[in-house]
1. For the stretch 188-280, with all protein chains present and a 1.4 Å probe, just round the carbon and sulfur fraction of the accessible area to a whole percent.
2. Counting only heavy atoms of the protein chains, get the accessible area per residue of the chain (1.4 Å probe) and round it to a whole Å² value.
3. Once you list every other residue whose beta carbon is under 11 Å from the beta carbon of GLU184, what net charge do they have if Lys and Arg are +1 and Asp and Glu are -1?
4. Specify which residue in the list VAL9, SER109, ASN138 is farthest towards the positive end of the charge dipole of the chain, using unit charges on the beta carbon of Lys, Arg (+1) and Asp, Glu (-1), about the Cα centre.
5. Using the Cβ atoms and a cut-off under 12 Å, what net charge is assigned to the surroundings of ALA110, where Lys and Arg are +1 and Asp and Glu are -1?
6. Across the stretch 153-310, what fraction of all alpha-carbon pairs, as a whole percent, falls in each successive 10 Å bin from zero upward?
7. Which trypsin sites (Lys or Arg not before Pro) from the stretch 246-310 combine a DSSP loop assignment with at most 16 other Cβ atoms within 10 Å?
8. Longest segment of the chain with no GluC sites (Glu not before Pro) in a DSSP loop having at most 16 other Cβ atoms within 10 Å?
Amino acid sequence: PHIDYSGRVGAQFISYDYGDHGDHVAGIIMGAGNLDPRQKGMAYGSTLYVYGAAPVYPGFNVIPTHYFDPGIRITSTSYGDGCNNGYTSLTRALDLQIITYPSLMHVFSAGNSGYDDCGYGAGPGWGNVTGGHKVGKNVIAVANLDYIDQLSGSSSRGPAHDGRIKPDISAKGSDVYSTTNPNEYTYKSGTSMSCPGVSGTLAQLYEAYSENNAGYPKAGLIKSLLLNGADDLGKPGPDFKYGWGRINAFNTLKMIEQYTYDSSSLNQNELFEHQIQIPEGLKQAKFMIYWTDYPANVNTSKALVNNLDM
């Protein structure tokens, strides 16, 4: 019961209250700053629907109906379920959902097991993303930064079990000030806090797309623009700590507004050529090829189905 959520909790599909973790996450996503205007969430005009978490994840189970009514487009889940679990049945289900419902995106905390050895084979500090569902090909997993872009030691690292890059992107998750019940604010840290920062920002980017186009975007498009627009951190290029870097919503917004993207489809062994105009005098250009991949078999050692090269 926080005034910052007033009028914008669409429904709560749970009947229990396990502390203030959910309150804090909610404020990061959609708190209006009614009590303290400095504490607005990332998408302070959005509507929140509340579901239970692991082990059954009812929020994911109802996507086939709730995608249409009430119209869920972005899920935000800051909850661990195992460590380096591989490609599970839930992972497959979520990858399939994002293909079936094109504007749907699942956003996850990468986990707070950055020091752990979860059996990947590289020793402690690698391959410890907390849950197979977070290493899906079509979803987003978020690492935890502080205010000067330093990675938290506890932030879970990739790679995924089959060597793919995870996490996907990084955001501030250390010492985040957000809502707690009944009408207070508090500091919390972890990928639980960086995840809703990204999911709330995605809601704003969806809105920006809809203002420049007809309807909501395909989630894969916004994910690709989000990753390609990120500010690179750590070693050059994407890596197993920061992913593609720190989220930079302004870069992504410019790509949406300037239509610096293209799309097509191709068949097995087919080549496709795109013509790209580079403005004169431009010092740097970043290119990304992205596709929403088909689900793999559960427990597969290699989750990638299609492999496109640029």
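1. Answer for the stretch 188-280: carbon and sulfur cover 48 percent of the accessible area.
2. I get 50 Å² per residue for this part.
3. -4
4. ASN138
5. +3
6. Whole-percent P(r) values from 0 Å outward: 9, 30, 36, 19, 5, 1.
7. When the trypsin sites (Lys or Arg not before Pro) of the stretch 246-310 are filtered for loop state and at most 16 Cβ neighbours within 10 Å, LYS283, LYS286, LYS302 remain.
8. For GluC sites (Glu not before Pro) (loop position, at most 16 other Cβ atoms within 10 Å), the longest site-free span of the chain is 1-269.
The values are calculated or read from the model by the stated rules, or taken from the named source; none is laboratory data. Fair warning: this is a prediction, and the values are worked out from it, not measured in the lab. Neighbour counts run over all protein chains shown; Cβ positions are idealised from the backbone, glycine included. Note: accessible area is taken over every heavy atom of the protein model, side chains too, but ligands, DNA and RNA are not part of it. Shrake-Rupley method; radii C 1.70, N 1.55, O 1.52, S 1.80 Å.
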